[in-house]
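Since the structure comes first, as structure tokens, the remarks are kept for the end.
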Amino acid sequence: MTQPPLLVENLTFKYRTRPELAIENVSFELKQGELLLIAGSSGCGKTTLARCINGLIPRSYRGELSGKALLYGKEISSLEIPEMAQIVGTLLQDPERQIVASNVYNEIAFGPENLGLPHDEIIMRVDQAMKRLNIEYLRERETFNLSGGEKQKVALAGVLTMNPSILLLDEPLASLDPASAHEALQAFRSLADEGKTVILVEHRVEDALQIKPDRLLYMEAGKIKYLGGIDKLPTEIDHTQVKLPAPWVVQRVKTLDKVEETARSHKSAERGEPLVVFEDVDFRYGDDYPLILQNVNLTINRGDLIAVLGPNGAGKSTLVKHAIGLLKPTRGRVLVEGKDTREMSVAQIARVLGYVFQSPTHMLYAPTVTEELEFGPKNLGFTPEDIKISVSESLVTVNLKGFDEYPPLGLSFGQQKRTTIAAVLAMRSKIMVMDEPTAGQDFANYTRFMDALCNTTNGKHSILTENFASTLFITHDLDLAVTYANRVLLFGDKHIVADGKPEDVLKDTEMLLKYRVRPTSLLQLNLDLFAKTGEFLPAESLTKFVS
Amino acid sequence: MLVTWKYRPRNTFIQRLDPRTRLIFMFSIILALTVPEIWDFRIILPLFFLSLTLYLMARIEWKDVRRVWIFIFILVIFIVGLNGLLSGRGGPSSVTNLPSPVLFNVPIKIPFTDIGWDVPITVSKTWFALTQITRMFTMTLLAIPIPYTIDPNIYGTAFRRMGASDKVSFTMDLAFRFLPTFARDFIITMDAQRARGYEIEKLNGGIPERLRKLAPFIIPVVMQSTVTGEEVIDAMDLRAFGTAPRTWLKQLTYALRDYFILGLGFAIFVACCVLKWGFGFGGYFVPEFFSNWILGL
């Protein structure tokens, strides 16, 4: 009898440095050409399972491993790395972590070169992989200058040249704009259709469902909670834990008869005085460099909940770095509470505007989460009593209570990201600016802190959120804009191409697609029901409007 | 992810050279000056002008290398030069052993104590400092253009074709990209902490206290470097690096100009060795014109 590509039986693993089991008694089997979606919250054990499958556990990550993981009947831990690498091709969450060469061609050829294959064979494999993913035009480009989507495709091409029969994709959509994510998903589907076994570990479940995975494996606290077909998902999976398509959520809420209980609405804040003003702002990094911002005019007012959408590499982060004073305009000016940022230090601006950077490792340094959170308020001269309150409330807001004494750098990526959000939250700035706040976060966690920051949960005010005058977040997650923003900025072609209420900006599907934003089922349902609702709402809240 | 130096293709003689030629020639000059311990300005000065000519032929824009040169100037003039001037060490013993007229004394005093002494600045030490600076610039003029003018894609291949193992060659490839990556992380971390109200320019207290206060800045930079290192190792493991003799796709071939430059480098090295060890020419001495000039000031 033919051995299955992957057989996992009672797999249990505990990291040497952590007291709890990372995965416990995990068992499943995969067939040739099957596409399995693995989902679950941050720290649920998805990445550990992936490491057991690609052999990084126990080779690179030490700990106690028990149970079986077999590739075509052979114990994974007994396989040599070259053999392993030709069976399981791994695409890591962040393509930046995967790319080792400085140019695209070298990067794609890296694996076959390591196997010592003949020149002609390597060239043939590289050409095939580039053609397969339509990236021939990137052949001579430097890898660090590629956009997020391009990097992901190059990393995937590098995996494909190893000719693996199993593809392990660890949150491959995390850093991609919606259009790039869609393209990547289509590529995964067609690889499965061609007979490769595909394991897709992904938070963006709704996106992943577009390509109709054969099964879903849902994990909680290191254990399998659900393993089965996607047709049963609306009833089997808690929609507050995993983001499901809006019609499924509506169906589930109706089935459970929780219509009133789950209803939420936006904070319908009145727009107040201007806090940050961009006046005719141009920016470039040097005289010989191209313009990144051109003639940007923008006013952020009290009460704004702004979502900034746009393609990878469009200049969205550059825009917000002007607001915090990290970059100064080459033409025009940026005013924070009426003062030109050229005349203010970044520390002075930080009292008004708190900025959460994209990568947590660039911020975290302290031995404990509590000390990390105290850092900002101390710099701003808070009293010890205020620091204590701020830290405590911030921890609760981002669901990190109980992790107070953990070293931040020892937490999972999602928890680290929440620590950085809490660290800025504790500073009680008037404006909260977040760059991709949901990257690497599971749905339940980001819903929790976004609810708190954008104050969408009626009646639950805190000392932190009450202090906020405005929130701005850069995101690729269109549903985040639909659910939490009262204003949407679409950024592209170096300037703001659309600025207005979500219902006004997001109804123009043609323009969204032009700037690589793909409409979602939640947006569509909101547009369909807008005559009844009068505003954009989360899926649960739409239930009562669906007949 | 590792980033690269600001390399850009320029249609210059220097960039048309094989990267191995560039590296071997640079090492030839460094070895020619250091192995036979050349301190004679009559040898150093022509080599300095040769390096300067090659540097100018690389046609690197000043704005690209301005920061690097500022760093090198500080290092060479203030550290190497000042050390040579004050202590006279770091070179031949004759600098301090030979009797030499004292130009003036520099009083040195340990802060908060009465302990102090005078450091004599002699003619010999002064000439030594100038020689040392010229010698260092002769070497750095050859080294600085390398990251800006050698295609980052062929670092590894160049070392492999020079006889290094696969692992050493790829390590060199990664090492070349480490510094610009470190610089990028440095800037991002600085920005991230400034956005949390941290002002590095306002650090106060003693040295231990200042070092402690630098932790929010130093730890993320070090951690980021460590994490990047681990990520690179994982990514290389997952694609079977180091498990078999590697195929290097890029091919390098020497042209006539390479043989000329390699020959020149080799000739300089041999000439320096022969002059020093065969004829005793090339050691340290203070030229008469310099003594006369400085004492006549």
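FYI, it's all coordinate maths here, none of it is from the lab. Model, not experiment: these values are computed from the prediction. Using ideal geometry, Cβ is built from the backbone for each residue, glycine included, and neighbour counts are taken over all protein chains shown.
Using a Förster distance of 41 angstrom, determine the FRET efficiency expected from the C-beta separation of B:Phe49 and A:Thr299, and round it to 0.05.
Details: r = 60 Å, r/R0 = 1.46.
Working from the Cβ atoms, E equals 0.10.
Along chain B, the exposed loop sites are GluC sites (Glu not before Pro) outside DSSP states H, G, I, E and B with at most 16 other Cβ atoms within 10 Å, and the longest stretch free of them is B:62-198.
Can you give the average number of partner chain beta-carbon atoms within 10 Å of each beta-carbon in peptide B:241-251, as a whole number?
6
Taking the DSSP bridge list for chain A and keeping only pairs wholly inside it, about 55 percent are antiparallel. Per residue, the average separation of C-alpha pairs within less than 8 Å and at least 6 apart gives chain A a relative contact order of 15 percent. Could you give the angle, 0 to 90 degrees to the nearest 10, between helix A:178-193's Cα long axis and the longest principal axis of the Cα atoms of chain A? The angle comes out near 10 degrees. When the C-alpha to C-alpha distance is required to be over 25 Å, the pairs from A:Lys328/A:Lys417; A:Lys401/A:Lys501; B:Lys125/B:Lys276; A:Lys232/A:Lys544; A:Lys243/A:Lys507 that qualify are A:Lys328/A:Lys417; A:Lys401/A:Lys501. Only helical runs count toward this figure. For chain B, summing -39,500 (n - 2.57) over DSSP H runs of n ≥ 4 and dividing by all residues gives -19000 deg cm²/dmol at 222 nm.
Assign one of three labels to chain B, namely rounded, prolate or oblate, based on the Cα gyration tensor with a ≥ b ≥ c the square roots of its eigenvalues; rounded applies when a/c is under 1.5, prolate when it is not and a/b is larger than b/c, and oblate otherwise. It is oblate, given that a/c is not under 1.5 and a/b is not larger than b/c. In terms of the mean number of neighbouring beta-carbon atoms within 10 Å, the peptides A:304-310, A:68-74 order highest first as A:304-310, A:68-74.
What does the helix-only formula give at 222 nm for chain A: each DSSP H stretch with n ≥ 4 adding -39500 (n - 2.57), the total divided by the residues, and the result rounded to the nearest 500 deg cm²/dmol? Rounded to the nearest 500, the figure is -10000 deg cm²/dmol.
According to the square roots a ≥ b ≥ c of the eigenvalues of the Cα gyration tensor, what is the shape class of segment A:69-188, taking rounded for a/c under 1.5, prolate for a/b larger than b/c otherwise, and oblate for the remainder? It is oblate, given that a/c is not under 1.5 and a/b is not larger than b/c. Loop-located GluC sites (Glu not before Pro) in segment A:352-406 (DSSP state other than H, G, I, E, B) with a sparse environment of at most 11 neighbouring Cβ atoms within 10 Å: A:Glu405.
In nm, give the distance between the simple-model label positions of B:Trp69 and A:Asp127, each being 7 Å from the Cα along the Cα-to-Cβ direction. Simple spin-label model gives 4.6 nm for this pair.
Assigning unit charges at the beta carbon (Lys, Arg +1; Asp, Glu -1) and nothing else, what dipole magnitude in debye, to the nearest 20, does segment B:69-198 show about its Cα centre?
140 debye
Nearest 10 degrees, 0 to 90: what angle lies between the long axis of helix A:246-256 and the longest principal axis of chain A (Cα atoms)? So the helix axis and the longest Cα principal axis differ by about 90 degrees. The GluC sites (Glu not before Pro) of segment A:144-222 that meet both conditions, a loop assignment by DSSP and at most 14 other Cβ atoms within 10 Å of the site Cβ, are A:Glu194.
Look at the stretch B:229-236: the mean tally of other chain Cβ atoms within 10 Å of its residues' Cβ atoms is 5. On C-alpha positions alone, give me the angle between the axis of helix A:521-533 and the longest principal axis of chain A, in degrees, nearest 10. On a 0 to 90 degree scale, this one is about 40. Please state the relative contact order of segment B:18-296 as a whole percent: Cα pairs under 8 Å, 6+ residues apart? After rounding, I find 34 percent. Extension gain, A:Lys232 to A:Lys254: 0.36 nm times the residue separation minus the Cα-Cα distance gives 6.4 nm. Taking a quarter of the surface of the Cα convex hull of segment A:274-513 gives a mean projected area of 13.0 nm².
What does the C-alpha gyration tensor say about the overall shape of segment B:161-297? Classify as rounded when a/c is under 1.5, otherwise prolate if a/b is larger than b/c, or oblate. Judged from the Cα gyration tensor, segment B:161-297 comes out oblate (a/c at least 1.5, b/c at or above a/b). All distinct Cα pairs of chain A go into the 1/r average, and the inverse of that average, the Kirkwood radius, is 24.6 Å. Estimated at 0.36 nm per residue, the fully extended path between B:Val102 and B:Ser87 surpasses their Cα-Cα distance by 4.1 nm.
To the nearest 20 Debye, how big is the dipole of the protein assembly as shown about its Cα centre, given +1 on the beta carbon of each Lys and Arg and -1 on that of each Asp and Glu?
Roughly 1620 debye, rounded to the nearest 20.
What average count of beta carbons from other chains do you get within 10 Å of the Cβ of residues in A:219-226?
Values: counts 0, 0, 0, 0, 0, 0, 0, 0.
Counting Cβ atoms of other protein chains within 10 Å of each residue's Cβ and averaging gives 0.
Within chain B, the selection of entire DSSP H helices by a Cα span of 18 Å or greater along the long axis and an average Kyte-Doolittle value of at least 0.5 returns B:19-34, B:41-57, B:123-143, B:215-237, B:256-273.
Across the options B:Ile261, B:Val222, B:Gly81, the greatest Cα extent toward the positive end of the charge dipole of segment B:18-296 (unit charges at beta carbon of Lys, Arg, Asp, Glu) belongs to B:Ile261. State the Cα centre-to-centre distance between segment A:80-129 and segment B:41-56 in whole Å. Using only Cα atoms to place each centre, the spacing works out to 44 Å.
Annotation for A:Lys223 and A:Asp120: the two label points, set 7 Å from Cα along the Cα-Cβ direction, are 5.7 nm apart.
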